[in-house]
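*Asks:* One structure, as structure tokens, below. Some questions next.
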Amino acid sequence: MKNLSAVVRALALQTEVEGLTAAEYRLTFLGRLDVTLRAQEIAARNEAVDLHGLLQRAVGEVWSDRITYDGPMVQLRPSKILAASMIFHELATNAIKYGALSSGEGSVRVAWALEEGLTGRTYLNCRWSEQAGPAVQPPKRKGYGTEMIEGTAAHLGGRVELSYAVEGLSATIRIPL
């Protein structure tokens, strides 16, 4: 319970307030909280979960006709569930606000593969690619979402590379399994 309370407190403190109305802040905070609680609930069962299903829950069913998923069956251990959920929820939130899902024509493709590293450890390589949205420009400063995405992957021993190509944002995520 203390851990969950600390997570909620961190979400509240780190959800950016500058430039947001109270209603926008509330929606942003509650979206992050909802994903966190759903991921905690899944992880508490102490069972592995299918990446495809986790992605659908983290991103939301509303966008199911504009997001395609492509990859082999991957089971994530409970210790990876919250982090993966938060990363993909944040990418989806940004796509809805500023990226491909903010326009009627945009779409997102999420593709993944497994790779064995030099030490024999298995890695999940995942690519989030946005297409046909508004022209993308690199942000002037790194916001909470970007820091959270990069920091969460680093905490797991992985990394995230963001590319702000004009045709759409792409994120390459690599985390050990």
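*Asks:* Could you pull out every residue, at least 5 positions away or on a different chain, whose amide H is within less than 5 Å of the one on Val74? Hs are placed 1.01 Å off N in the peptide plane, and Pro or chain starts have none.
*Replies:* Leu51, His52
*Asks:* Continuing with the same structure: Evaluate E = 1/(1 + (r/R0)^6) for Thr172 and Asp65, where r is the Cβ-Cβ distance and R0 equals 35 Å; express this FRET efficiency to the nearest 0.05.
*Replies:* 0.90
*Asks:* What ranking of Thr119, Thr21, Thr152 emerges when the number of other C-beta atoms within 10 Å of each C-beta is taken as an exposure proxy, fewest first?
*Replies:* Thr119, Thr21, Thr152
*Asks:* Could you give each residue of the stretch 82-96 its phi-based ³J(HN,Hα) in whole Hz, using Karplus coefficients 6.51, -1.76, 1.60 with θ = phi - 60°, and x for Gly or Pro?
*Replies:* Each residue's phi maps through the Karplus curve to give 4, 4, 4, 4, 5, 4, 6, 5, 5, 4, 5, 4, 5, 5, 6 Hz.
*Asks:* While we're here: How far apart, in nanometres, would the label points at Gln137 and Glu161 be if each is projected 7 angstrom from Cα along the Cα-to-Cβ direction?
*Replies:* 2.5 nm
*Asks:* Glu116 label point, 7 Å along Cα→Cβ, cut-off 15 Å on backbone N: hits in the stretch 160-177?
*Replies:* 177, by backbone N distance to the label point.
*Asks:* Then there's this: Tabulate in residue order the Karplus-calculated ³J(HN,Hα) for the stretch 150-167, using 6.51 cos²θ - 1.76 cosθ + 1.60 with θ = phi - 60°, rounded to whole Hz; enter x for Gly and Pro.
*Replies:* Taking θ as phi minus 60°, the curve returns 5, x, 5, 4, 5, 4, 7, x, x, 7, 10, 10, 9, 10, 9, 6, 3, 6 Hz for the stretch 150-167.
*Asks:* Explain nothing, just compute: Karplus ³J(HN,Hα) = 6.51 cos²θ - 1.76 cosθ + 1.60, θ = phi - 60°, for every residue of the stretch 136-144 in order, whole Hz, x for Gly and Pro.
*Replies:* Going residue by residue, I get 9, 10, x, x, 6, 9, 7, x, 4 Hz, with x marking Gly and Pro.
*Asks:* A further question follows. Work out how much length Asn125 to Leu30 would gain on full extension: take 0.36 nm times their residue separation and subtract the Cα-Cα distance, in nm to one decimal.
*Replies:* Computed gain between Asn125 and Leu30 is 31.3 nm.
Throughout, read-outs are computed from the coordinates displayed, never taken from laboratory work. What you see is a predicted model, and the numbers here were worked out from it, not measured in a lab. Here the Cβ is made from the backbone with ideal geometry for all residues, glycine too, and neighbour counts use every protein chain on show.
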